[in-house]
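The values are calculated or read from the model by the stated rules, or taken from the named source; none is laboratory data. Bear in mind that the values here come from a model prediction, so they are computed numbers and not experimental data. Because the Cβ atoms are built from the backbone with ideal geometry, glycine has one as well, and the counts that use them run over all protein chains shown. Please note that ligands, DNA and RNA were not included when accessible areas were found on the heavy atoms of the full protein model with its side chains. Shrake-Rupley method; radii C 1.70, N 1.55, O 1.52, S 1.80 Å.
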Amino acid sequence: MDVFSRRHVGPSSGEVQEMLSFLGYKNIQTFIDDVVPAGIRMDGELKLRPALSEFEALSELRELANKNKIYKSFIGLGYSDCITPPVIQRNILESPGWYTQYTPYQAEISQGRLEALLNFQTMISDLTGLPMSNASLLDEATAAAEAMHMCLALTDDGGGRGFFVSQRCHPQTIEVLKTRAEPLGVKIIIGDHGNFDFKEKIFGALVQYPCTDGAVLDYEKFGAKVKAAGGLFVVAADLLSLCVLKAPGEFGADIAIGSAQRFGVPLGYGGPHAAYLSTKDEYKRQIPGRIVGVSIDATGAPALRLALQTREQHIRRGKATSNICTAQVLLAVMASMYGVYHGPKGLKDIAENVHSLAATFAEGVKELGYELIAPEFFDTVTVMVNPGDTPSVMEAAYKSGMNLRVIDDNKISVAFDETKNFSDIGKLVEFFNFKKKKIELVIKAKAIPADLGRKSEFMTHPVFNSHHSETQMLRYMHKLQNKDLSLTTSMIPLGSCTMKLNATAEMLPVTWPEFGNIHPFAPQEQAEGYRILIERLENWLAEITGFDGISLQPNAGSQGEYAGLLVIRAFHKSRGDLNRDVCLIPTSAHGTNPATATMANMKVIPVECDANGNVSLDDLRKKAETHAANLGALMVTYPSTHGVFEEEIEEICQIIHKYGGQVYMDGANMNAQVGLCRPGEFGPDVCHLNLHKTFCIPHGGGGPGMGPIGVK
């Protein structure tokens, strides 16, 4: 009775037989033989371990979870422990009425989640002081890269200019920016914003607010210089800090980006989390991701819809400015509900308490004689120490179950959040107290510069000031949930790549603390369970797809596409083929395909389809031969967008290989191949997988997504 398929495969044997009979087949095997080309069919079975029952799988996951060690994290770096209000955890994150919906392309069955996303946009706009916000992006580093691309498009840069990035931005953000800039020919200029002389021409600049080391700096004059130089000014801002700090829009920011993670979304070893991007009204046509807007329905009543979304930008295909189509909707909904539940006063109280903890710790270490890297900060204090003392401080913290951050040999950073308390401060100060000096900790309220304190109101809309009891919150969330179509109501018949399942047994471990409360930069020995889980998944996906290597890094199908093309680009580069920048894409392809190729700085050449919607081999041969000297890749969806296994897929791949190109396969429809054929065996060189479609990642109304790639 506990066999997974018995509980979760939708159609009964009678229904399957009825469908087969209608199509003229005796059984499923004859149907498969007729539909899947014989030349690509697998020999034998997948070499996977026997399936576990739900109970056995949960028991094994519990064993893996127990291998993870939960330490108190003071690491920061844009990731904070937080408290997920139980009413939100139980009724959003753990509710199939919220985590099973598909993307809200049909507004009439999506009014609940669209309202929750409108709340997210309103909250972000209010906190950042900028009128337009999307809902949402994938993570802070990706949002920074999207902002850079947006600046490039808005300044109509003709080349020769760079993008300035403050050296005090989070290091992972800087790394992603470098990766995303290289294909575009953009030079990343990393430096001190205070000393930058603007002799190098720039089209934009990014600063961190507060800095990765915690310092709160006044960027207004620098922002004015960026604009005077013809660039746009981007600020990566911590959302909670904006409850007490001046809004980026109030000191000249053109774009604000950041993460909504600390608004009630668990760390989860680094994600998924919802990022945000807000900007000025005049830039709304270049904003990546989705924007929810207020419209009216056929009766004249107010109604919500997707007013602008990147998928619509894909009408421009090769001219698209972003390939983002997965928004982290489920996580954005959680963050918005966190804002609704606490309201502006509650958020400000949390921010002031976190800041007070940091300020009190700072006073303690200063009394011990230490200097701080910055006297003014929000939640992160960086202490200057003797290089020889750094290992001793870190070891003492580690033995006490605490993780601190070493910036370099003489800088240790300590970041606070809403889960920490006054008793933590006493322990932390003692780690630095080598002389065993007796001190008395005195609670300090403030270490923010007066001219950077927040004076403007935020989140004044009634929705943020009406639902502060659990009962009120429960009713509000259920009112919205009841406006949506989810699997609690019916199946969602929106196409071949959307038919999926979120089994309760698969979802349960998501909220276990041993998985949810691990910081992504925690020492690796604290995440042994995660290491085993990741390694197993990579091996299983390699067996399922027939590819030789798997990367689980891309956190959406769109990012899998992008990573896949960068791998192909790197392959050609490694062979000295620096000119292979042409990407052939069938006209039937997903809209993200040409957008991705454009972002990888490839020239998109469309390939015609025949009357049945299949790739035209004649046109493919013609285009491949014409562009043979520069052919980089073909992007092909298989089965096709129409759900068809094209008979000529092997020949399609052979044509591309003949002229020196590589084949990227869009794996959105991989669920139709599992156990029947393996793309690594019939021609494709790279493929992404939508684990939120083929396997169990909650789609949540448009994300979280996960888009790992397989490569030969």
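To the nearest 0.05, how large is the calculated FRET efficiency for R531 and A629 if R₀ is 45 Å and r is the Cβ-Cβ distance? If you can, show how the numbers build up before the last one.
Values: r = 44 Å, r/R0 = 0.99.
E between R531 and A629, to the nearest 0.05, is 0.50.
So how strong a dipole does the chain carry about its Cα centre when Lys and Arg Cβ are +1 and Asp and Glu Cβ are -1, to the nearest 20 debye? Please report the intermediate quantities before stating the final value.
Values: 67 positive and 80 negative charges, 244 e Å.
With only Lys, Arg, Asp and Glu charged at Cβ, the dipole is about 1180 debye.
Using 0.36 nm per residue, how much length does the chain from K603 to V35 gain when fully extended, once their Cα-Cα distance is taken away?
Values: separation 568, 0.36 × 568 = 204.48 nm, distance 3.38 nm.
Full extension of this stretch gives 201.1 nm more.
Within segment 76-110, find all residues whose amide N lies under 20 Å from a label point positioned 7 Å from the Cα of T511 along Cα-to-beta-carbon.
81-102
How much length is gained on full extension from V16 to K427, taking 0.36 nm per residue of separation minus their Cα-Cα distance? Mind dumping the intermediate values first?
On the way: separation 411, 0.36 × 411 = 147.96 nm, distance 6.36 nm.
Extra length available between V16 and K427 comes to 141.6 nm.
Classify segment 18-135 from the C-alpha gyration tensor, please: rounded if a/c falls under 1.5, else prolate or oblate depending on whether a/b exceeds b/c.
On the way: a/c = 2.65, a/b = 1.50, b/c = 1.77.
Oblate shape, in that a/c is at least 1.5 and b/c is the bigger or equal ratio.
Quick check: from the Cα gyration tensor, does segment 577-712 come out rounded (a/c under 1.5), prolate or oblate? Don't jump to the answer; show the numbers that get you there.
Details: a/c = 1.73, a/b = 1.47, b/c = 1.18.
Judged from the Cα gyration tensor, segment 577-712 comes out prolate (a/c at least 1.5, a/b above b/c).
For the chain, which whole-number percentage of the solvent-accessible area (1.4 Å probe, protein heavy atoms only) is attributable to carbon and sulfur atoms? Could the numbers behind the result be given before it?
Details: 15360 of 29220 Å².
Carbon plus sulfur share of accessible area: 53 percent.
List the lysines whose Cα lies under 29 Å from the Cα of K623, skipping any in the same chain that are fewer than 8 positions away.
Straight-distance partners of K623: K319, K573, K603, K658, K712.
What is the dipole size for segment 424-556, taken about its Cα centre, with +1 at each Lys and Arg Cβ and -1 at each Asp and Glu Cβ, in debye to the nearest 20? Working shown, then result.
Numbers: 15 positive and 15 negative charges, 191 e Å.
My answer is approximately 920 debye.
Among the listed pairs K199/K280; K420/K444; K345/K420, give every one whose C-alpha distance is greater than 18 Å.
Numbers: K199/K280 27 Å; K420/K444 15 Å; K345/K420 20 Å.
Pairs exceeding the cut-off: K199/K280; K345/K420.
Please give every one of the lysines within straight-line cross-link reach of K437, meaning a C-alpha to C-alpha distance under 20 Å, and leave out same-chain neighbours fewer than 8 residues apart.
Once the sequence-local lysines are set aside, what remains near K437 is K366, K427.
Tell me which label goes with the value of semi-axes √(5λ) of the Cα gyration tensor in Å computed from the coordinates here: [x] 43, 30, 26; [y] 69, 32, 23; [z] 43, 35, 23.
Looking at semi-axes √(5λ) of the Cα gyration tensor in Å for this model, the match is [x].
For E543 and K345, compute 0.36 nm times the residue count separating them, minus their Cα-Cα distance, and round to one decimal in nm. Numbers along the way, then the final one.
On the way: separation 198, 0.36 × 198 = 71.28 nm, distance 5.24 nm.
Here the answer is 66.0 nm.
Using a ≥ b ≥ c from the Cα gyration tensor of segment 201-357 (square roots of the eigenvalues), is it rounded, prolate or oblate, where a/c under 1.5 gives rounded and otherwise the larger of a/b and b/c decides, a/b for prolate? All intermediate terms of the calculation are to be shown ahead of the outcome.
Details: a/c = 1.74, a/b = 1.13, b/c = 1.54.
Verdict is oblate for segment 201-357.
What ranking do 400-406, 383-389, 583-589, 205-211 get when scored by the average of other Cβ atoms within 10 Å per residue, highest first? Walk me through the intermediate numbers first.
Values: 400-406: 17.3, 383-389: 14.7, 583-589: 23.1, 205-211: 25.9.
Put in order of decreasing packing, that is 205-211, 583-589, 400-406, 383-389.
Please compute the net charge surrounding T380, taking Lys and Arg as +1 and Asp and Glu as -1 over other residues with Cβ under 11 Å from its Cβ.
Values: positive: R405; negative: D213, D238, D379, D417.
Net charge around T380: -3.
Run the dipole for segment 73-218 about the Cα centre, Lys and Arg Cβ at +1, Asp and Glu Cβ at -1, nothing else charged, and hand back the magnitude in debye, nearest 20. Intermediate values should be presented prior to the final figure.
Details: 9 positive and 17 negative charges, 40 e Å.
The calculated dipole for segment 73-218 is roughly 200 debye.
Give the accessible surface of the chain per residue, rounded to a whole number of Å², with probe radius 1.4 Å and ligands, DNA and RNA excluded. Don't skip to the answer; put the middle values down first.
Values: 29220 Å² over 712 residues.
About 41 Å² of surface per residue is accessible.
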